[in-house]
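The values are calculated or read from the model by the stated rules, or taken from the named source; none is laboratory data. All figures in this text were calculated on a predicted structure; none of them were measured in a lab. Here the Cβ is made from the backbone with ideal geometry for all residues, glycine too, and neighbour counts use every protein chain on show.
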């Protein structure tokens, strides 16, 4: 069973806050009354006795100590910035396996934690953004891909691996090559919207079937990985529980935020392979 960390965090903050409130309204007045009674019954109150009478219950002490820390974490994670680690190579060469990234949670609107309801409009995803979202077929799983299609766009990906947006061929420029799973892989510079970035193709791998076309419905987005031949993305999602016209589409309610920076890379988290900062920088 997947761990719902946002829900656990909200519960932890609520429990700690409730313990503090109970202490403020009920327990603390009782302690003060007990101290007053003791001080009135003796001529020379002992400091140790006063401290013992004023001591908070251990559970309350822990709750009040953890509350500010947990509350700050909740606010930062829910409304400002959330960290993620890249688990696969679907976004190569932009993101590598083991990259630790930061995701801006308010770029696309302020959402309530757990229920993810947008309460304040801030902005919408733009073509070319690198976006984290909950996988439509399993919302407990987070995916990261690049926004290719906006609501109303017509997307076409041909069998020779060329991308068209609204019947316009997306220009690309060959910039180099590297080793691939079946020979060499080619790196291209591509521009989507205002974003210029690198994509990766393995021309020796299987070719896409012809005439793959999609129209992006209102309130949805079409996503693709930069590693075009090694990415499980909108081109391939086929969920029988989702209406046919929504296959491959990411609804607005599934958006987590915009990935904007790599802050550390640790492909093999063990002592023999320490984290490095060589890939630190903004994500394009």
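Structural remarks
- Against the numbered list (1) in contact with a helix residue (DSSP H, G or I) (Cβ under 9 Å, 6 or more places away or on another chain); (2) not in a strand (DSSP E or B), residue 133 comes up short only at (2).
- Only strands (runs of 3 or more DSSP E) whose full extent lies in the stretch 155-202 are considered here, and the ones with at least 1 residues that are at pLDDT below 90 are 172-180, 183-192.
- For the stretch 215-229, taking the residues that are in a strand (DSSP E or B) and over 18 Å from the mean Cα position of the chain (by Cα), the one that is nearest to residue 178 (Cα to Cα) is identified as 227.
- Scanning the stretch 230-268 for residues that are touching a residue at least 60 places away in the same chain (Cβ under 8 Å), part of a loop (DSSP other than H, G, I, E, B) and surrounded by fewer than 16 Cβ atoms within 10 Å (Cβ to Cβ) turns up 232, 239, 241, 242, 266, 267, 268.
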